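Report on the following structure.
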Amino acid sequence: MIQITGCPPEAVMSVATNMREKDKEEIYATRWTDSPIDLAESVMRSHGPKWAVWTEAGPVAVAGAALMWPGVWSVYAFGTDDFRRVAPYLTRHIRRVMMPGLVLAGAHRAECRSLGTHTEAHEWLEKLNATREADLPRYGRNGEDFVLFSWTKESQLVFRRR
C-alpha cells in the first residue's frame with residue numbers, strides 16, 4: 001500500500017539517510033555538506049508544502065516546494081531506491097495537489113535544477129510537463145553541469161490531465 005502524507009521530520013531523515021545514489025549526487029552538488037542531517041533540517045525549515053511517500057516498509061520519497069521569493073517556487077523530490085515504485089502516485093499528487101496549490105498561493109513560476117547526468121529525473125520532470133529551459137554549465141560545487149526546468153503560470157503551472 002502506498003500513502004502520501006504530511007512530512008514528519010523522521011520521514012525526511014529516513015529518506016535523506018537512505019537516498020538513491022543519483023539523488024545524492026544531484027542534491028549534494030549544490031549544498032555545503034553531504035550530511036543527510038543537514039539536508040533533512042533544511043527541508044523541514046523550508047517555507048512551503050512538503051510530503052512524504054510511504055510504502056509498507058516506511059518512507060521512500062520526499063517532495064515539496066520552497067518559496068524563493070514572492071511568486072517563485074523551487075520544487076524538489078528525492079527518494080530511496082524504491083522511488084520508481086511510488087513515482088506514479090507522486091506524479092499524480094504533484095499534478096492534482098501541489099501545483100494547483102502553488103497557483104492558489106500566488107505562484108507564477110516554479111523551477112527545478114537537475115544534475116545534467118540525472119536522466120531519470122529529467123524524464124520524470126518532462127512527464128510533469130516541465131520545460132527544459134536552460135543548461136547550467138559548471139553549476140555544481142565541483143563543476144557539475146545542471147539543467148534548469150520550469151513551469152510558468154501561463155504555460156505549464158496549471159496541469160492538464162493526460
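Which of the following residues is under 20 Å from Ala121 (Cβ atoms), free of Cβ contacts under 8 Å to residues at least 40 places away in the same chain and among the acidic types (Asp, Glu): Glu21, Glu41, Glu25? Walk me through it before giving the result.
Values: Glu41 fails: under 20 Å from Ala121 (Cβ atoms); Glu25 fails: free of Cβ contacts under 8 Å to residues at least 40 places away in the same chain.
From the options Glu21, Glu41, Glu25, the qualifying one is Glu21.
Let me spell it out: the conditions are (1) touching a Gly at 6+ places or on another chain (Cβ under 9 Å); (2) farther than 18 Å from Thr91 by Cβ, and Val60 meets all of them except one. Which number is the exception?
(2)
Scan the stretch 55-102 residue by residue and report those that are among the charged types (D, E, K, R) and more than 12 Å from Val15 (Cα to Cα).
Filtering the stretch 55-102 down to residues among the charged types (D, E, K, R) leaves 56, 81-82, 84-85, 92, 95-96.
Across the stretch 55-102, the qualifying residues are Glu56, Arg84, Arg85, Arg92, Arg95, Arg96.
Condition first: surrounded by fewer than 14 Cβ atoms within 10 Å (Cβ to Cβ), modelled with pLDDT of 95 or more, in contact with a strand residue (DSSP E or B) (Cβ under 9 Å, 6 or more places away or on another chain) and within 15 Å of Val75 (Cβ to Cβ). Can you find one or more residues in the stretch 132-139 that meet it?
Yes, the stretch 132-139 contains a residue that is surrounded by fewer than 14 Cβ atoms within 10 Å (Cβ to Cβ), modelled with pLDDT of 95 or more, in contact with a strand residue (DSSP E or B) (Cβ under 9 Å, 6 or more places away or on another chain) and within 15 Å of Val75 (Cβ to Cβ).
Can you give me the number of residues within the stretch 13-56 that are within 26 Å of Arg95 (Cα to Cα), among the charged types (D, E, K, R) and in contact with a Lys or Arg (Cβ under 9 Å, 6 or more places away or on another chain)?
1
Does the stretch 94-116 include one or more residues that are surrounded by 18 or more Cβ atoms within 10 Å (Cβ to Cβ) and in contact with a Cys (Cβ under 7 Å, 6 or more places away or on another chain)?
no
When you check Gly106 against the structure, is it of a type outside the set (Asp, Glu) and at positive phi, yes or no?
The answer is yes for Gly106.
Given (1) at pLDDT below 95; (2) closer than 22 Å to Arg20 by Cβ, identify the lone condition not met by Phe159.
Just one mismatch for Phe159, condition (2).
The values are calculated or read from the model by the stated rules, or taken from the named source; none is laboratory data. Not measured: the values here are computed from a predicted model. Please note: Cβ atoms are built from the backbone with ideal geometry, for glycine as well, and neighbour counts cover all protein chains shown.
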